[in-house]
Structure formats: C-alpha cells, structure tokens
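The values are calculated or read from the model by the stated rules, or taken from the named source; none is laboratory data. None of the values given here were measured: they were computed from a predicted structure. Backbone-built Cβ (ideal geometry, glycine too); neighbour counts: all protein chains shown.
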Amino acid sequence: MIKGISHITFVVRNLDQTAALFKEILDAEEVYDSGNERHSLYPEKFFLIGGQWIAVMQADDVVNRTYHHVAFQVTATELDTYRDRIEKAGLEIRHSRSRIAGEGESIYFYDFDNNLFELHTGTLEERVKAYKKDEA
C-alpha cells in the first residue's frame, strides 16, 4: 500500500547553485551532501522543504521545459514575498494559466535547469469545490 510520496528528485547542472536557490527562495533545509562519496548515480544533496524530502543530483542530462512541475503550498499573504525572492534571483516567472474564483493563486517559475516550480495558495479541497461550483 502506498503511504505517500517518499521524495522528489531533480537533475541539475550545478548542485551549489540549486542549493542556494532552494535555501534562499524556498526556505529549504539541507540535510545531506554526498561530497566526494558516490552512493548514487551522481553527486547529490538532500533537502527538506515543508517537511518533504527533495533530492537534487548533478548531471549533464538536464530536461527540456515542460509543464511537469512540483507545487509547494504557501499562504496568500506570502505570495508577494516569494515573487520578490524569485525576481531578485533572476529566475524566469512563467505566466500563470487563467483561474476561476476560489481555486487559489499561483506563481510558476523555472530554475536554472528548466525545472518548473509552482507556489500555490490553495488546497485540493478548495480547487475541487471551485471547479464543481463553476460547472453548476
């Protein structure tokens, strides 16, 4: 039986650059750095973001841009603070899709390696309720 998501892994070109992004923008806590040890395919670092284990591996096979993304939940009052952090880091903010009332707001942004992140103010329950109301 699946108990939840164990971890999410991102492949990046520069571990230190991504570590700084995670710490400065997403308030990540770095909990492991492989350094010169090789226990996995590539050098790696582990982080906790909102209690979720995020693994980052350094390799040359970086992804092309897609809509595949990870969304972190934030409060509506924090959204502008995060937008400022993203802009100060020089990261590209992707235009958000149109929204219906009640589903929450989002900021989408790409990291240095084309990984897409979303900071979202809503919950699953709020989105389902908003969609059902819009369909009625």
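Observations on the structure shown:
- Across the range 64-87, not a single residue is classified as touching a helix residue (DSSP H, G or I) at 6+ places or on another chain (Cβ under 6 Å) and on the phi > 0 side of the Ramachandran plot.
Conditions tested, residue by residue: (1) in contact with a helix residue (DSSP H, G or I) (Cβ under 8 Å, 6 or more places away or on another chain); (2) within 21 Å of residue 47 (Cβ to Cβ); (3) not basic (Lys, Arg).
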position	(1), (2), (3)
91	yes, yes, yes
94	no, no, no
101	yes, no, yes
108	no, yes, yes
113	yes, yes, yes
116	no, yes, yes
120	no, yes, yes
124	no, no, yes
128	no, no, yes
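- Test set (1) modelled with pLDDT of 90 or more; (2) outside the structural domain of residue 6 (by TED's automatic domain parsing) - residue 26 fails condition number: (2)
To keep it simple, each residue is scored yes or no on (1) buried (at least 17 other Cβ atoms within 10 Å of the Cβ); (2) in contact with a helix residue (DSSP H, G or I) (Cβ under 7 Å, 6 or more places away or on another chain); (3) not in a loop (DSSP other than H, G, I, E, B).
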residue	(1), (2), (3)
3	no, no, no
8	no, no, yes
22	yes, no, yes
25	yes, yes, yes
30	no, yes, yes
37	no, no, no
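- The listed residue being touching a strand residue (DSSP E or B) at 6+ places or on another chain (Cβ under 9 Å), within 20 Å of residue 13 (Cβ to Cβ) and either free of Cβ contacts under 8 Å to residues at least 60 places away in the same chain or not β-branched (Val, Ile, Thr) (or both), out of 48, 119, 41, 79: 41
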